1. Using the Cβ atoms and a cut-off under 12 Å, what net charge is assigned to the surroundings of Tyr173, where Lys and Arg are +1 and Asp and Glu are -1?
2. Are there trypsin sites (Lys or Arg not before Pro) in segment 143-208 that DSSP marks as loop and that have at most 11 other Cβ atoms within 10 Å, and which are they?
3. Taking the mean number of other Cβ atoms within 10 Å as a proxy for protection, how do you rank 507-515, 233-241 from highest to lowest?
4. For all pairs of alpha-carbon atoms in segment 506-601, what percent lies in each bin of width 5 Å, listed from the first bin to the last filled one?
5. Once every Cα of segment 211-363 carries one equal point scatterer and solvent is ignored, give the base-10 log of I(q)/I(0) from the Debye formula at q = 0.14, 0.18, 0.19 Å⁻¹, two decimals.
6. Counting each pair of different Cα atoms once, what's the Kirkwood radius of segment 160-254 in Å, rounded to one decimal?
7. Would you kindly give the portion of the calculated P(r) for segment 475-559 that falls above 18 Å, as a percent of all Cα pairs?
8. Among Val569, Gly537, His159, whose Cα sits farthest toward the positive end of the charge dipole of the chain (+1 at Cβ of Lys/Arg, -1 at Cβ of Asp/Glu, about the Cα centre)?
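What follows is calculated from the coordinates using simple rules that are stated; it is not laboratory data. The model shown is predicted, which means the values in this text are computed figures rather than measured ones. Glycine also receives a Cβ, built like all others from the backbone with ideal geometry; neighbour counts cover every protein chain displayed.
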Amino acid sequence: MAFQINIDNGGTLTDVCIMSDEGVKKTKVLTTPYDLSKCFFEGLQKASETLYGAEDVKRLLEEVELIRYSTTQGTNAICERKGPKLGLILDSTATDLAEALRAHDPEVYDALVGDRVAYIDTAILETSEAEVEIVKTINELTAKGANRLVVSFGGTGFHANEDKVKKVVLRKYPRHLLGAVPVLYASDLTVDRAPERRAWSALINAFLHTSMEAFLFQAENRLRDYRTKNPLLIFRNDGDASRVAKTVAIKTYSSGPRGGMEGMRVFAGMYGFRDAVSVDVGGTTTDIGQCTDGKVAEIRRGHVEGISVSFPLCEISSAGAGGSSVFKAKDGAIAIGPESVGALPGPACFGRGGKEATITDASLLSGLLDPGSYFGGGMGLDAARAEAAVMANVGTPLGLDLDAAIQAMSDAFEAKIAAELHRFTTISEDTVLMAFGGAGPLNACGVAEKAGIKRVAIPAMAAVFSAYGIGACNVSQNYAVDLTEHSSAALKTTLDSLEQKAARDMFAEGFEQGSYTVTARLVAQSGDTETVHDLNGSEEFPAEMAGADAVELELSAVKSLRKSEAKQVAVARKSAAKADGTRHVLVPERGRIDLPVYRLNVMQPGDFAAGPAILEEDYFTARIPAGWTFTVSDAGDVILDREE
């Protein structure tokens, strides 16, 4: 049986999706933040158990066609400000650049860089003073605690000047010595001439690079031990994938959520949703995006935490509110995140030493979660520990009893996500809220009510939807160079060079020349205006771009792996769903009452029921409030409508 494995690594849980012609299977494992390769291989172990009925990783890796991997670790690292201390080296003529960078987001800048900034006069780089000045600058920053440096110069000669610094650093700090501090040069990352974008891109890349590099190469080396026939593919924020050695760290930012966006694009097409917004609730963050008329929002100069960077990225907002986000009383109200307890120690109810209150603890105490079936029945939950955490961090400080504290936490959580939806997306009468992620369906209807949305969609694969979504990606390599000479001869020479590079890189991905498509375009910048010219096989430089301030040549090599889009899916109410028992649940304004529990995995297309109720499958739970009705579609997904 031919199959592919998609793995989405989150802050609390790691999702595994096994895709074959016979259907899709799923499983989950706890994320191990201290060693991400551990949960990666635990995911492969559980995948082999799911496929074969017993653990057999060796057989799995012999038979699997592709392993794709996405992660929210970059998103979580930025959100929680966890990473190396960076030092920034700038051109002495750009003394105002540091303050301009900080103005984009003072909190992020202070967490990444702070006062670890130094300046080099690029005029001395050709003199005998260069070595002394560079060594002095590096020592100054390392003395302030910097353990990774970024060099980002301005002006038209930024690339040449950074190369001069690089040569000195390699001589004075050889990489084989323990004292060699890692240095990233912005010009190695991007040819973008905007100094603020280029510097921020380099800073964020350096911040994410350390942990991502160590884990990914370790995982790839362990796969080689099994003689896996194809390299590990890293799913990127631009919607495609590539092997570890050819993936830039900054493009792993929000790569997990981008998988969810790809899934949403396909899902919206299946159901004819013209306007869909997504709420992907994981352990640490809630990731929000929008798909309009079958297109996911993506811009050439993307954003990380609202900061403009040099790379095209999908427009996704990551709010610091997830299933493991910390709830606490602050100034007489409830504050949520951005701190998270992650998988270790995890929510208090996990019984792993956690003492902070989370929405997972509140959901258990409200009766929504069943301790016996949570996480597919593979994890018991401790209500006593959850109660202690909720009362200590929320109830007692705010003078609330347990039930009032639980309800206040739920209201605050839903209100924060609804506010983020309004801030980041445009909501209309036609907007459909798609809820996924392990905790996405739980409060989806409550979020929709507070956001003014009347329809909610929960995919059958909601619990692993980002892992499911990355199955729709291609393998690609992308290149961008600055054309210093605006002529057809220069364009042809550069095109030939990039095509040769693409051929080598795609061969390393496992694809022969001719089995993938190559496209190229020119992007001219004149002042603040950008003009795009698709080459379509031509090697002629367009005359209208000759006077541009700068022209970049962009080339993409793409091996298409996407299958044709799915057919339309019908949603029609046919027969009343049968409840699979009841659960004693805290309901707003009604106290604790018995609610029917519906199990998605035993329902048939066309089954429907009205709230208040609980809808459940192995890895997610959804609260269906009064006034909402759910229907199971022909594809096994759930469509919920708010009755007028």
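1. It works out to a net charge of +4.
2. Passing both the DSSP loop test and the Cβ count: Arg175.
3. Result, highest mean Cβ count within 10 Å first: 233-241, 507-515.
4. 2, 8, 11, 9, 8, 7, 7, 6, 5, 5, 7, 10, 9, 4, 2
5. At q = 0.14, 0.18, 0.19 Å⁻¹ the computed log10 ratios are -0.88, -1.13, -1.16.
6. After inverting the pairwise mean of 1/r, the radius is 15.3 Å.
7. 41
8. The residue sitting most towards the positive pole is Val569.
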